[in-house]
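Structure record follows, encoded as structure tokens.
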Amino acid sequence: MANNPDSHESQWVDERLNSLADANVEADATRGWAELRRRDRGAARRRRWAWGAATAGAVGLVLFALPWPRAAAQRLWDRLVLGRVAVIQANRHDLPDSVVEAFTMGDRQPWTTTVVKDVAEAERMAGFRPSLPPPGVLSGTPQLSVVPKVVFSTRPLKIVEIKQALAAVGASDITVPGEWEGTTLTAEGGPVVVATYQNDVEVMQSAAFKMTTPSGFPFGRFMEIGFLVFGRSPNEARDLGQKFAANPALVLHFPEHEKVLDVTVRSGQAVLVGNPDGSEGICLFWNAPGRLYIVSAGKMNQEQAVRLANAIP
Amino acid sequence: MRASTELVATAVSSPASFDFETLFRQHYARLTRVIARIIFEPGRAEELAVEAFWKLWRTPKVHGDAAPGWLHRTAVRLALDELRRRARRARYERVTSLVRQPKTPDELFSAGEEQGRVRAVLASMTPRQSELLVLRSDGLSYDELARVLSINPVSIGALLKRAREAFRKEYVKRYGEQS
């Protein structure tokens, strides 16, 4: 029936799904078969790890991007809570890359991930003993890998560009110190130990990381201007800058449809990103002295994630 | 335990056993295309197609007539898992908005495109609903859907209806009715 709402909806949905037109794929069965046969000889396993490394790398940027003084456990989560209300990314796309990159950190070198055979080897490489959930909490034995220290840095700041960006958001009265010309901030993070379990579960943990700025550099003021550039109001930017001065951190941004939840784990507060019912995968961040943990899981709800966090010694 | 390559070779050489290689050659290209529809990236699609066959090999209980359907479902599931993993990764990246993240070729391609929207919505839905929609979109009949997903055939219509409703609701929530 033409007026049947179900039929209309079906057609509407099908039209959109049909937009996933066949990609131009030249699937080579001979190559695929050879690939399958190589699996047990280790090639595919390495490739899988390379893929895992890419994932770890993305998460690693989160780890390293959070300036994390030792014994600042509670403060870390203050930062996360602050970030949850930020709306910076909405304006970021309007900014030139050179401006964005003056306030953001990119990795200077390619990521390398090394697969290790056991916890002892991970400890030797990472310099700390990874804490893993006891056997039985997660299915199977984890595959371990280590991402070594990575250096991140901002692009040298160009005052003229920052002024232009400030003017674009109506903050042309803000003074950018002349001595900032060419300033670069550098952060060194890691190592990170990644434990990959069955069912798309990863437990990642990183050692503390250090951030270096020019001597006497007013980091809070720098971040205040960064917030202004990214579209925050002057009052908000000032407040955030002051908090950053006391507690260097990066602002977090979550789109409106993203679910973010403060939850409690054994070691304190944690932040859960994703649907608590586990329907679309979640990410749980929490920290303990000297260590930042992230659990990433494809099918895990809030209760299970908290239970897992609490099982990690 | 024997090495898996030995197992594959043994299976291929044994006429009395499950003809794994024939099955592979019959279905590999189609599975790769199905996966590529979902994740777009052809190279990765081939890897996931191999992964689906690898899982099949390690699941002897489905060797036989049920294997093609099982493969199809597994391929779609792997692709959707990949999609969700990418969505999660994108979320990590958004978490630190001040951290520079280069766009992947896929993101560059799909930014603002309908395919990107559809993929984002599929990635946000429950796995079962996404599977239903993708498999149906790939031409499976109700009976085939029921067999592949181990669902009572009489329930397929209702489940599909709910999946479509969920898809539309999420799509409209994100992009609006007229997108």
In what sequence do B:Tyr171, B:Tyr28, B:Tyr142 fall when counting other Cβ within 10 Å, fewest first?
-> B:Tyr142, B:Tyr171, B:Tyr28
Each label sits 7 Å from Cα toward the beta-carbon; between A:Arg31 and A:Ser131 the label points are separated, in nm, by 4.6 nm
Determine, for B:Thr74, A:Thr175, the number of other Cβ atoms within 10 Å of each Cβ, and report the residues in order from fewest to most.
-> A:Thr175, B:Thr74
Once phi for every residue in the range A:228-238 is put through the Karplus expression 6.51 cos²θ - 1.76 cosθ + 1.60 (θ = phi - 60°), the whole-Hz ³J(HN,Hα) values, with Gly and Pro written as x, are 4, 4, 7, x, 7, 6, x, 5, 4, 4, 5
Quick one: which residues, 5+ away or cross-chain, put their amide H under 5 Å from the amide H of A:Val116? H built at 1.01 Å from N.
-> A:Leu144, A:Ser145, A:Val146
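Here, each number is a calculation from the coordinates, and none is a lab measurement. As the structure is a prediction and not an experimental result, all values here were calculated from the model. With ideal geometry, Cβ positions are generated from the backbone for all residues, glycine too; neighbour counts draw on all protein chains shown.
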